[in-house]
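A.B. asks: Dropping a structure here in structure tokens format, bear with me for questions.
The values are calculated or read from the model by the stated rules, or taken from the named source; none is laboratory data. The model shown is predicted, which means the values in this text are computed figures rather than measured ones. Cβ atoms come from the backbone with ideal geometry, glycine included; neighbour counts cover every protein chain shown. For accessibility, only protein heavy atoms count, side chains too; no ligands or nucleic acids. Shrake-Rupley method; radii C 1.70, N 1.55, O 1.52, S 1.80 Å.
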Amino acid sequence: MCGIVGLFLKDKSLESQLGVLLTDMLITMTDRGPDSAGIAIYGEPSPTVSKVTVQSENPDRDFADLAEKVQPMVGGPVSLSRRDTHAVLSVPHGTAEALRRQLREVAPDVRVMSFGDSLEIYKEVGLPRDVAARFDIASMTGTHGIGHTRMATESAVTTLGAHPFNTGSDQCLVHNGSLSNHNSLRRKLRREGIHIETLNDTEVAAAYLTWKMQTGATLGEALEKSLEDLDGFFNFVVGTRDGFGVVRDPIACKPAVMAETDQYVAFGSEYRALVNLPGIEQARVWEPEPATVYFWTHGDTATPTGKAA
Amino acid sequence: MTVKDNKENAPPRTVPIQSATFSNPINAEIRRAAATGIYDIRGGGAKRRVPHFDDLLFLGASISRYPLEGYRERCDTRVTLGTRFAKKPIELDIPITIAGMSFGALSGPAKEALGRGASEAGTSTTTGDGGMTPEERGHSTKLVYQYLPSRYGMNPDDLRKADAIEVVVGQGAKPGGGGMLLGQKISDRVAEMRNLPKGIDQRSACRHPDWTGPDDLEIKILELREITAWEKPIYVKVGGTRPYYDTALAVKAGADVVVLDGMQGGTAATQDVFIEHVGLPTLACIRPAVQALQDLGVHREVQLIVSGGIRTGADVAKAMALGADAVAIGTAALIALGDNDPKWEAEYQKLGTTTGAYDDWHEGLDPAGITTQDPVLQARLDPVDAGRRLRNYLNVMTLEAQTIARACGHNNLHNLEPEDLCALTMEAAAMARVPLAGTEWWPGKTGAGF
Amino acid sequence: MQTYDLAADGLRGLNATLQAQSDETNQTEWTIVNPRGSHAIAVGLDAPIEVKVMGSTGYYCAGMNKQATVHVHGSAGPGVAENMMSGTVVIDGDASQYAGATGHGGTLVIKGNASSRCGISMKGIDIVVHGNVGHMSAFMAQSGNLVVCGDAGDALGDSIYEARLFVRGSVKSLGADCIEKEMRPEHIELLRDLLARGGCDAKPEEFKRYGSARQLYNFKVDNAY
């Protein structure tokens with residue numbers, strides 16, 4: 001049960017403001033989710049560097065020599081840039097996924113928040129305002145981002161239980177709702193070899209998408225399939241390296257508002273999350289249809305908006 | 001001769017044995033279902049035996065603790081509900097309230113009797129899925145107005161007339177289900193109050209029409225507070241299923257009071273399969289709910305009302321010892337009014353049932369005139385007499401609870417604690433998290449004995 | 001005319017002030033600026049006053065309204081005019097889920113589209129939507145009228161009781177026990193009045209009427225769900 005915000009920029013001139021805009025949207029959703037908050041932010045992908053975002057309860061100790069520890073594993077230059085309890089490891093392009101698996105051995109106390117070429121995820125327990133401040137999200141730039149404020153229903157209020165969940169390279173997912181078959185699905189996915197960390201229902205949804213995509217589905221196809229295989233109530237907002245998607249369950253009780261202008265596509269659990277966006281008065285504002293997958297990509301054309309699949 | 005000889009010489013035969021699995025009642029139900037094609041509908045709560053307050057005992061005081069004098073020394077019973085946010089909390093003389101029961105499910109005189117009895121005993125009564133009647137408001141000094149998914153008869157004037165508002169998310173008899181009122185009971189007045197055609201079978205929604213989940217509930221509670229100037233305590237009532245999470249989420253959504261109804265809690269009508277197979281026994285609900293309140297640091301600040309199978313002062317005292325601030329009674333109150341009274345046995349027989357088993361409240365044929373809209377039948381219940389019986393019963397329960405509290409050395413019912421209790425069975429020990437009698441252990445307990 | 005700045009002066013003050021207006025008030029016109037999607041704006045009013053909300057609102061704007069006219073110059077969030085008793089609520093933009101939910105009376109006019117569950121469990125309210133309505137609209141609708149000048153989504157009028165539904169455009173699907181019904185002269189007249197009150201220039205003859213088949217009114221073996 002939560003608040004979701006998302007912002008997908010079409011206009012490059014807004015990229016420097018992405019963090020400022022998302023921070024404001026996130027804080028507006030505090031009432032819907034006072035337990036924890038998180039943000040996934042997509043920067044410009046580099047052809048030479050991939051990124052692993054890590055978190056530690058004891059960052060002074062764990063981050064001190066992490067870059068040196070990691071260097072032999074990736075066989076190239078590694079840099080570490082820290083933000084509070086999180087740090088981004090920049091590693092040679094294409095080595096992030098293997099590193100994610102190996103990190104457990106060299107740094108068992110460090111937890112991977114995300115990996116990919118453009119994605120960084122920051123999330124912690126606490127009020128959205130405080131979480132946004134400790135990571136200085138307002139200072140971040142990028143092409144698109146997704147934020148989440150959580151009111152925990154059944155699983156623990158922890159950093160790992162916070163959203164967004166990383167679902168695969170440069171993929172992330174946030175959720176508002178409550179899944180009713182996540183326990184069975186978690187067992188099935190674990191048998192399929194998918195790593196699932198928590199008892200959180202959303203992580204199961206994220207892992208489900210990862211599994212579908214590992215077995216050949218596109219993200220759009222995986223989302224379509226999720227409508228059959230996930231039971232319960234959900235609004236999902238997902239991010240990919242250059243895309244942004246939304247899907248609601250067939251009953252569609254949990255709130256969702258979208259806005260689109262020539263400059264951006266935005267998502268909010270409530271309209272008030274969108275009120276400070278530039279030009280919102282002139283935006284096309286609507287609510288996504290139930291059981292319908294929406295997807296936007298940067299791609300080649302300026303506004304390749306539309307439903308996937 | 002020959003015949004007799006044959007019998008005497010025949011080998012011994014197997015005695016006919018009833019199947020425990022396919023028992024006569026089960027087989028009868030299979031035949032009934034096969035003949036009618038519809039599930040069984042009835043009123044009341046779970047009839048199966050489940051671990052209950054009877055499986056707990058109080059320890060009492062002796063040398064290590066000192067008891068209070070039964071008639072002389074003070075043992076306070078007052079409780080204030082809604083101290084968290086409401087400007088006008090409800091103050092009750094006794095911690096036993098009357099649970100929500102609708103006009104429609106119950107007759108007008110029965111509702112009046114509940115109001116009279118509760119008022120005389122210094123406690124509150126509660127509306128139900130059908131709106132507030134002027135009679136009910138008039139005869140209840142403290143009236144809790146239920147805010148239900150159906151919103152039958154819901155209006156801002158009655159909301160402001162109420163002393164508290166109870167947002168009903170679910171009830172113990174049917175957690176996850178909506179109300180039912182069958183055509184026999186949709187009289188002209190009930191139909192008008194609910195804005196429904198007369199005589200239809202009414203099935204209410206299981207979810208509220210305009211919110212789903214705790215994040216939305218927080219906004220709904222804000223609206224209700226804004227409409228009522230932040231004066232009224234807001235209760236949130238849930239059926240006992242996931243009491244830890246539901247209590248925690250009600251608190252996060254801004255409730256002043258959490259009402260928790262276990263599976264023995266009654267209903268006017270629902271599917272028998274719902275009543276008997278969904279939900280937790282009341283005994284199993286209380287500790288997880290109290291744990292949630294304690295984890296959030298609001299135990300006693302957000303009050304907990306427990307209901308579902310409360311019958312005696314001992315039950316009241318045990319619920320409070322486990323951490324409840326008050327209890328609510330429904331079925332017991334109806335019995336005090338005269339429901340299932342042996343004096344109607346001949347009429348119960350005509351209905352194919354017997355005293356103590358009559359639960360077809362939805363059919364509207366209640367010989368006692370309580371669960372009916374039939375003018376002739378309902379005239380059998382004198383609201384003044386019935387109200388007096390309810391008052392007497394509430395007073396007895398209070399005296400009983402005080403007796404126990406004093407014997408345990410407490411000058412206030414709210415000072416009863418789990419350590420005053422022991423359990424007779426492993427099941428009750430596990431559910432109530434109190435030691436099995438004579439031991440210092442309960443199933444699931446870890447760590448040192450004391 | 002009184003102006004109230006919600007961002008500066010807060011929700012409690014706003015509702016307390018508006019609720020304090022009586023039938024005889026001479027402060028009959030109010031303008032609320034900076035609503036910024038806030039919840040529970042102008043709820044529980046009970047006086048013949050006119051309230052203009054200059055922007056979009058959050059949940060439950062004009063909830064439980066009596067007598068007042070509330071005009072939202074923007075879009076409305078979930079549950080606008082929920083449980084309205086009387087008066088008029090006008091939304092210039094779109095309305096989110098549950099518009100007019102459980103409303104007992106009065107008129108709700110939505111000049112844009114209404115989202116899902118418009119008129120859910122309505123109990124006498126009249127709702128006029130200039131655009132489309134989403135899925136499950138008029139679910140368990142008990143009485144009153146829902147007029148849709150555009151299209152209706154899936155499962156229109158599911159488990160409907162005695163409410164009347166008028167739709168000019170297409171209906172994606174009808175819900176359980178909801179059927180198309182004959183437009184008789186009295187329905188044309190009723191609709192003409194509703195359209196006039198809703199400020200629509202559509203012709204009543206262009207609409208189809210939907211209502212209850214009344215097959216779910218009593219338990220039967222074949223519809224025991």
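A.B. asks: Just to verify a number: FRET efficiency for residue A:195 and residue A:60, C-beta to C-beta distance, R0 = 30 Å, to 0.05?
C.D. replies: On the way: r = 28 Å, r/R0 = 0.92.
Taking R0 as 30 Å, the efficiency between residue A:195 and residue A:60 is 0.60.
A.B. asks: What is the mean number of Cβ atoms from other protein chains located within 10 Å of the Cβ atom of each residue in peptide C:51-60, rounded to a whole number?
C.D. replies: On the way: counts 0, 0, 0, 0, 3, 8, 2, 8, 12, 9.
Partner-chain Cβ atoms within 10 Å, mean over residues of C:51-60: 4.
A.B. asks: Residues with amide H under 5 Å of residue B:167's amide H, sequence separation 5 or more or different chain, H placed in the peptide plane at 1.01 Å from N; which?
C.D. replies: B:147, B:235, B:236, B:237
A.B. asks: Write down the Å³ per residue value for the convex hull defined by the alpha carbon atoms of segment A:46-117.
C.D. replies: Details: hull volume 5.1 nm³, N = 72.
That works out to 70 Å³ per residue.
A.B. asks: If you don't mind, there's one more thing I want to ask. Quantify, in whole percent, the carbon and sulfur part of the accessible surface of the protein assembly as shown (1.4 Å probe; protein heavy atoms only). Walk me through the numbers before you get to the answer.
C.D. replies: Working: 19010 of 37170 Å².
So the carbon and sulfur contribution to the accessible surface is 51 percent.
A.B. asks: Give me Rg over Rh for segment C:2-213, both radii from the alpha carbons and Rh done the Kirkwood way, two decimal places.
C.D. replies: Working: Rg = 16.6 Å, Rh = 16.7 Å.
When Rh is taken as the Kirkwood radius, the ratio is 0.99.
A.B. asks: Further question: Placing one identical point scatterer on every Cα of segment B:20-84 and ignoring solvent, what is log10 I(q)/I(0) from the Debye formula at q = 0.21, 0.25, 0.27 Å⁻¹?
C.D. replies: Each listed q corresponds, in turn, to -1.12, -1.13, -1.15.
A.B. asks: Compute, for residue A:20, the solvent-accessible surface of its heavy atoms (probe 1.4 Å) with the complete set of protein chains present, and express it in square angstrom to the nearest 10.
C.D. replies: In the full protein context, residue A:20 sits at about 80 Å².
A.B. asks: Run the reach check for residue C:52 against lysines, Cα to Cα strictly under 23 Å, same-chain hits fewer than 8 apart removed. What comes back?
C.D. replies: Within reach: B:220, C:66, C:111.
A.B. asks: Hey, if we sort B:29, A:287 by accessible area with the 1.4 Å probe, largest down, what's the order?
C.D. replies: Numbers: B:29 70, A:287 35 Å².
So, going from the largest accessible area down, we get B:29, A:287.
A.B. asks: Mind checking the per residue accessible area of segment B:232-352 for me, 1.4 Å probe, whole number of Å²? Don't skip to the answer; put the middle values down first.
C.D. replies: Numbers: 3350 Å² over 121 residues.
Per-residue value: 28 Å².
A.B. asks: Using a Förster radius of 60 Å, what is the FRET efficiency between residue B:419 and residue C:203 based on their Cβ-Cβ separation? Nearest 0.05, please.
C.D. replies: On the way: r = 77 Å, r/R0 = 1.28.
After rounding to 0.05, the efficiency reads 0.20.
A.B. asks: How much area per residue is accessible in chain A when the probe is 1.4 Å and only protein heavy atoms are counted (Å²)?
C.D. replies: Working: 11330 Å² over 309 residues.
Per-residue value: 37 Å².
A.B. asks: Can you sort C:71, B:362 by 1.4 Å-probe accessible area, starting with the largest? Intermediate results must be reported in sequence, preceding the final value.
C.D. replies: Values: C:71 45, B:362 15 Å².
The ranking, largest first, comes out as C:71, B:362.
A.B. asks: Sequence gap at least 6, Cα distance under 8 Å: using those rules, report the relative contact order of chain B to the nearest whole percent.
C.D. replies: Working: 992 pairs, mean separation 102.6, N = 450.
Once divided by the residue count of chain B, the mean separation gives 23 percent.
A.B. asks: List the lysines whose alpha-carbon lies under 29 Å from that of residue B:318, not counting same-chain residues fewer than 8 positions away?
C.D. replies: B:47, B:88, B:111, B:142, B:174, B:232, B:237, B:252, B:445
A.B. asks: For a quick size check, give me the Cα extents of segment B:384-450 along its three principal axes, largest first, whole Å.
C.D. replies: 54, 26, 17
A.B. asks: Using a cut-off of 25 Å between alpha-carbon atoms, which lysines can reach residue A:10, once sequence neighbours fewer than 8 places away in the same chain are excluded?
C.D. replies: Partners found: A:51, A:307.
A.B. asks: Kindly rank A:194-204, A:225-235 from highest to lowest mean number of other beta carbons found within 10 Å of each residue.
C.D. replies: Packing order, densest peptide first, comes out as A:194-204, A:225-235.
A.B. asks: Using a 10 Å cut-off around each Cβ of peptide C:36-47, what is the average number of partner chain Cβ atoms that fall inside?
C.D. replies: On the way: counts 5, 9, 5, 9, 9, 2, 1, 8, 9, 2, 4, 0.
Across the residues of C:36-47, the mean count of other-chain Cβ atoms within 10 Å is 5.
A.B. asks: Please work out how much accessible surface residue C:39 shows to a 1.4 Å probe, ignoring ligands, DNA and RNA, in Å² rounded to 10.
C.D. replies: 10
A.B. asks: I'd like the mean, over residues of A:113-123, of how many other protein chain beta carbons sit within 10 Å of each residue's own Cβ. All intermediate terms of the calculation are to be shown ahead of the outcome.
C.D. replies: On the way: counts 0, 0, 0, 0, 0, 0, 0, 0, 0, 0, 0.
Per residue, the average neighbour count from other chains is 0.
A.B. asks: What's the buried accessible area, both sides, between A and B using a 1.4 Å probe, rounded to 100 Å²? It would help to have the intermediate numbers written out before the result.
C.D. replies: Values: alone 12370 and 20360 Å², together 31580 Å².
So the buried area, both faces added, is about 1100 Å².
A.B. asks: Follow-up. When 1/r is averaged over all different Cα pairs and the result inverted, which Kirkwood radius in Å belongs to segment A:1-112? Working shown, then result.
C.D. replies: Working: mean 1/r = 0.0630 Å⁻¹.
Over segment A:1-112, the inverse of the mean reciprocal pair distance is 15.9 Å.
A.B. asks: What relative contact order, as a whole-number percentage, does chain C give when Cα pairs under 8 Å and 6 or more residues apart are counted? Walk me through the intermediate numbers first.
C.D. replies: Working: 755 pairs, mean separation 22.2, N = 225.
10 percent.
A.B. asks: Percent of alpha carbon pairs in segment A:151-309 separated by more than 23 Å? Before the final figure, lay out the partial values.
C.D. replies: Details: 4606 of 12561 pairs.
Of the Cα pairs, 37 percent sit more than 23 Å apart.
A.B. asks: For the full complex of protein chains and a 1.4 angstrom probe, list C:52, B:174, B:343 by accessible area with the highest value first.
C.D. replies: Working: C:52 85, B:174 10, B:343 150 Å².
Ranking C:52, B:174, B:343 by accessible area, largest first, yields B:343, C:52, B:174.
A.B. asks: Using 0.36 nm per residue of separation minus the Cα-Cα distance, give me the extension gain between residue A:71 and residue A:227 in nm, one decimal. The partial results should precede the final answer.
C.D. replies: Numbers: separation 156, 0.36 × 156 = 56.16 nm, distance 4.17 nm.
Result: 52.0 nm gained on full extension.
A.B. asks: Eigenvalues of the Cα gyration tensor times 5, then square-rooted: what semi-axes does that give for segment B:173-316, in whole angstrom, largest first?
C.D. replies: Working: eigenvalues 155, 92, 37 Å².
So the equivalent ellipsoid measures 28, 21, 14 Å along its semi-axes.
A.B. asks: Moving to a separate point now. Residue by residue through segment C:7-12, which ³J(HN,Hα) values in whole Hz follow from phi under the Karplus form 6.51 cos²θ - 1.76 cosθ + 1.60 (θ = phi - 60°), with glycine and proline marked x?
C.D. replies: 5, 8, 10, x, 6, 4
A.B. asks: Measuring from the lowest to the highest alpha carbon on each principal axis, how far does the protein assembly as shown reach, largest first, in angstroms?
C.D. replies: Reported extents, whole Å, longest axis first: 101, 80, 78.
A.B. asks: Continuing with the same structure: Can you give the helix-only mean residue ellipticity at 222 nm for the protein assembly as shown, where every DSSP H stretch with n ≥ 4 adds -39500 (n - 2.57) and the sum goes over all residues, rounded to the nearest 500 deg cm²/dmol? Don't skip to the answer; put the middle values down first.
C.D. replies: On the way: 27 runs with 260 residues, N = 984.
Theoretical 222 nm ellipticity from helices: -7500 deg cm²/dmol.
A.B. asks: Around residue A:252, with a cut-off of 12 angstrom between Cβ atoms, what is the net charge of the other residues, counting Lys and Arg +1 and Asp and Glu -1? Numbers along the way, then the final one.
C.D. replies: Working: positive: A:248, A:254, C:117; negative: A:249, A:287, A:289, C:154.
Net local charge, residue A:252 excluded: -1.
A.B. asks: Here's another thing I want to ask about it. Please list the radius of gyration and Dmax for segment B:1-144, considering alpha-carbon atoms only, with Å as the unit.
C.D. replies: Reported Rg and Dmax, both Å: 27.9, 93.
A.B. asks: I've got another one for you. Report the percentage of all Cα-Cα pairs in chain B whose separation exceeds 38 Å, rounded to a whole percent.
C.D. replies: On the way: 24773 of 101025 pairs.
It works out to 25 percent of all Cα pairs.
A.B. asks: Which log10 I(q)/I(0) values does chain A give at q = 0.08, 0.10 Å⁻¹ under the Debye formula, counting every alpha carbon as one identical point scatterer?
C.D. replies: -0.31, -0.49
A.B. asks: Using DSSP, restrict attention to beta bridges with both residues in the protein assembly as shown and report what percent are antiparallel, rounded to the nearest 5.
C.D. replies: Working: 91 of 164 bridges.
Restricted to the protein assembly as shown, the bridges split so that about 55 percent are antiparallel.
A.B. asks: Measure out, as a whole number of angstrom, how far apart the alpha-carbon centroids of segment A:18-71 and segment B:226-293 sit.
C.D. replies: Result: 38 Å between the Cα centres.
A.B. asks: Normalising by the residue count of segment A:46-117, find the relative contact order in percent from Cα pairs under 8 Å and 6+ residues apart.
C.D. replies: Working: 130 pairs, mean separation 34.2, N = 72.
Taking the mean separation of contacting Cα pairs over the length of segment A:46-117, I get 48 percent.
A.B. asks: At 1.4 Å probe size, what's the solvent-accessible area of residue B:198? Round to the nearest 10 Å².
C.D. replies: Rounded to the nearest 10, the figure is 130 Å².
A.B. asks: Quote the total accessible area buried by chains C and B together, excluding ligands, DNA and RNA, probe 1.4 Å, nearest 100 Å². Please list the in-between numbers first.
C.D. replies: Values: alone 9820 and 20360 Å², together 26900 Å².
Using a 1.4 Å probe, the pair buries roughly 3300 Å².
A.B. asks: Let me ask something additional. Is any residue of segment C:30-63 close enough, with backbone N under 13 Å, to a label point placed 7 angstrom from the Cα of residue C:8 along the Cα-Cβ axis, and if so, which?
C.D. replies: In segment C:30-63, the label zone of residue C:8 (backbone N under 13 Å from the point 7 Å along Cα→Cβ) covers C:32-34.
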